[in-house]
Amino acid sequence: MRFLFRDLLPDEILSRRTKAHFNGVAFSEHSRAFVERWTGRGVNSELVDPEELMSEWRSSTPSAGTMVLLQAAWLAEEAAAPETYGRA
């Protein structure tokens, strides 16, 4: 931050030790309900361990780095069984 923004941001911002978290936006009650019924579709199991991913998603603060995987999993499940997820 200092390298890029030292001339633009005050030192209070550059030296800040806390970080904002926006995981609650993606990992809401609806996402958590989806995770409970997720079958493992939508992720490449050669690259991602579905059980580890499920464990991460069930944690109290899932990593924001898995949000794209959550979307991919939901889209795969939706395509496989549209009636299950509210689409006729």
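The values are calculated or read from the model by the stated rules, or taken from the named source; none is laboratory data. All values derive from a computational prediction rather than experimental measurement. Reconstructed Cβ throughout: ideal geometry from the backbone, glycine too, with neighbour counts over all protein chains shown.
A count restricted to the range 1-30 and to residues that are surrounded by 11 or more Cβ atoms within 10 Å (Cβ to Cβ) and touching a residue at least 40 places away in the same chain (Cβ under 8 Å) stands at 3. Looking at the range 51-88, which of its residues are modelled with pLDDT of 90 or more, β-branched (Val, Ile, Thr) and either surrounded by 13 or more Cβ atoms within 10 Å (Cβ to Cβ) or closer than 15 Å to ARG37 by Cβ (or both)? If the condition is that a residue be modelled with pLDDT of 90 or more, β-branched (Val, Ile, Thr) and either surrounded by 13 or more Cβ atoms within 10 Å (Cβ to Cβ) or closer than 15 Å to ARG37 by Cβ (or both), then THR66 is the only one that fits.
Restricting the range 53-75 to residues that are part of a helix (DSSP H, G or I) and of a type in the set (Gly, Ala, Ser), the residue that is nearest to SER31 (Cα to Cα) is ALA73. Please find, within the range 31-50, the residue that is surrounded by the fewest Cβ atoms within 10 Å (Cβ to Cβ) out of those that are part of a helix (DSSP H, G or I) and hydrophobic (A, V, I, L, M, F, W, C). Here the residue is ALA33.
Applying the condition of being among the aromatic types (Phe, Trp, Tyr) and over 12 Å from MET54 (Cα atoms) to the range 10-39 and asking which residue is nearest to the chain's Cα centre (by Cα) yields PHE27. Could you count how many residues in the range 1-27 are over 14 Å from ARG58 (Cβ atoms) and assigned to a loop (DSSP other than H, G, I, E, B)? Final tally of qualifying residues: 14.
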